[in-house]
1. Quick test for you: out of VAL207, VAL172, VAL164, VAL189, pick the one residue that is in contact with a helix residue (DSSP H, G or I) (Cβ under 8 Å, 6 or more places away or on another chain), within 26 Å of SER49 (Cβ to Cβ) and hydrophobic (A, V, I, L, M, F, W, C).
2. Give me the residue from region 37-52 that is of a type outside the set (D, E, K, R) and either farther than 24 Å from GLY123 by Cα or outside any loop (DSSP other than H, G, I, E, B) (or both) and, out of that set, farthest from the ligand (Cβ to nearest atom).
3. Any chance you could count how many residues in region 217-270 are under 20 Å from PRO184 (Cα atoms), out of contact with any strand residue (DSSP E or B) (no Cβ under 8 Å at 6 or more places or on another chain) and among the acidic types (Asp, Glu)?
4. Any chance region 229-241 includes a residue that's within 17 Å of LEU154 (Cα to Cα), assigned to a helix (DSSP H, G or I) and within 16 Å of the ligand (Cβ to nearest atom)?
5. Which ones in region 65-112 are at pLDDT 95 or above and of a type in the set (Lys, Arg)?
6. Tally up the residues in region 36-50 that are surrounded by 15 or more Cβ atoms within 10 Å (Cβ to Cβ) and out of contact with any helix residue (DSSP H, G or I) (no Cβ under 6 Å at 6 or more places or on another chain), please.
7. Kindly indicate the residue of region 101-149 that is within 13 Å of the ligand (Cβ to nearest atom) and in a strand (DSSP E or B) and also farthest from the chain's Cα centre (by Cα) among those meeting that condition.
8. Are any residues in region 168-192 farther than 19 Å from LEU15 by Cβ and in a helix (DSSP H, G or I), and if so, which ones?
Amino acid sequence: MRHLMSPLDFSTKELDDLFDLATDIKNNPEKYAHACDGKIMATCFYEPSTRTRLSFESAMTRLGGNVIGFSDANSSSAAKGESVSDTIRVISCYADICAMRHPKEGAPMVAATKSLIPVINAGDGGHQHPTQTLTDLMTIRSMKGSLSGFTIGLCGDLKFGRTVHSLINALVRYENIHFIFISPEELKVPDYITEMLDEKNISYEEVISLDEAMPKLDLLYMTRVQKERFFNEEDYIRLKGFYILTKEKLEFAKPDMLILHPLPRVNEISVEVDNDERAAYFEQAQYGVYVRMALILTLLKWAK
Ligand code: NCD
């Protein structure tokens, strides 16, 4: 049995197989409509989410399976003081696979050690968000044809944004990737990440100006300033409008640059950009369902 805690839990070959399966699901959905008949997924969300939880529910439902779960820690026994380990041990009696989101870093990992069913980390604090990364990689591979040889700009809250941390971790395994980290000084990518890049000899730049970076980018990954991880409201208010992607700013971008965003968007991409051919964030959300369908199928197959 295998779990998914970090995108690195899968080899690049296993990821390729997963994306091939997701592509087949996209092209032939009817072939998979009953692949999970009789199976149950538990979604245990101790932290708010719309997209991730609903995309898991949509994925399992499209495979013919059923979903149980909670979307708020206060409506689970955590409110009574139950540990994550006990909760997962019990949920193992009710479901065949579990997706868990938790505000504490490492909580899904603790759950996985006690679980009798595969556990998927659906986001743990500011740490990792592997299924968003699978979604991002799938979108890039499908729309750019490859996962190697590009310059990617990651812009916004690089300090608290777990999708950013997960994606960088995953991309370092591909060839000729150049990172441009675009953030205000206060929201720079954590040191452990730049140290890892230095160690692996991966090229990156850290800049403040989005305009300066724009012409060099093959991909622009925008992110929201993570309000819920700030200790102080004033800092959040000061930083939340730091980058706003507009039509004018895009005039300096390559004609085939892809604009990605894990969503939810607050104000960092102006809505007028949605009509730009380069805007790929809603397609990205759609790829997220196919890739989660492929992940559920793969983990259930390995658990047999
Ligand atoms: C992200 C998350 O939860 O980290 N959302 C998502 O799952 N698509 C990004 C965010 O909340 O900013």
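The values are calculated or read from the model by the stated rules, or taken from the named source; none is laboratory data. In this text, all values refer to a predicted model and were calculated from it rather than measured experimentally. With ideal geometry, Cβ positions are generated from the backbone for all residues, glycine too; neighbour counts draw on all protein chains shown.
1. Numbers: VAL207 fails: within 26 Å of SER49 (Cβ to Cβ); VAL172 fails: within 26 Å of SER49 (Cβ to Cβ); VAL164 fails: in contact with a helix residue (DSSP H, G or I) (Cβ under 8 Å, 6 or more places away or on another chain).
When all the criteria are applied, what remains is VAL189.
2. Here is the first cut: in region 37-52, the ones of a type outside the set (D, E, K, R) are 38, 40-46, 48-50, 52.
Those left that are additionally either farther than 24 Å from GLY123 by Cα or outside any loop (DSSP other than H, G, I, E, B) (or both): 38, 40-45, 52.
Working: GLY38: 28, ILE40: 22, MET41: 17, ALA42: 18, THR43: 13, CYS44: 15, PHE45: 10, THR52: 4 Å.
The selected residue is GLY38.
3. 4
4. Yes.
5. ARG89, ARG101
6. Kept after step one, since they are surrounded by 15 or more Cβ atoms within 10 Å (Cβ to Cβ), are these residues of region 36-50: 36, 39-47, 49.
Within this subset, residues satisfying the condition of being out of contact with any helix residue (DSSP H, G or I) (no Cβ under 6 Å at 6 or more places or on another chain) are 36, 39-40, 44, 47, 49.
The total comes to 6.
7. Residues of region 101-149 within 13 Å of the ligand (Cβ to nearest atom): 101-103, 105, 120-136, 139.
Then keep just the ones that are in a strand (DSSP E or B); that gives 101-102, 120-124, 128.
Working: ARG101: 12, HIS102: 14, ILE120: 12, ASN121: 10, ALA122: 8, GLY123: 8, ASP124: 11, GLN128: 8 Å.
In this case the residue turns out to be HIS102.
8. GLU185, GLU186, LEU187, ASP191, TYR192 - these are the residues of region 168-192 that are farther than 19 Å from LEU15 by Cβ and in a helix (DSSP H, G or I).
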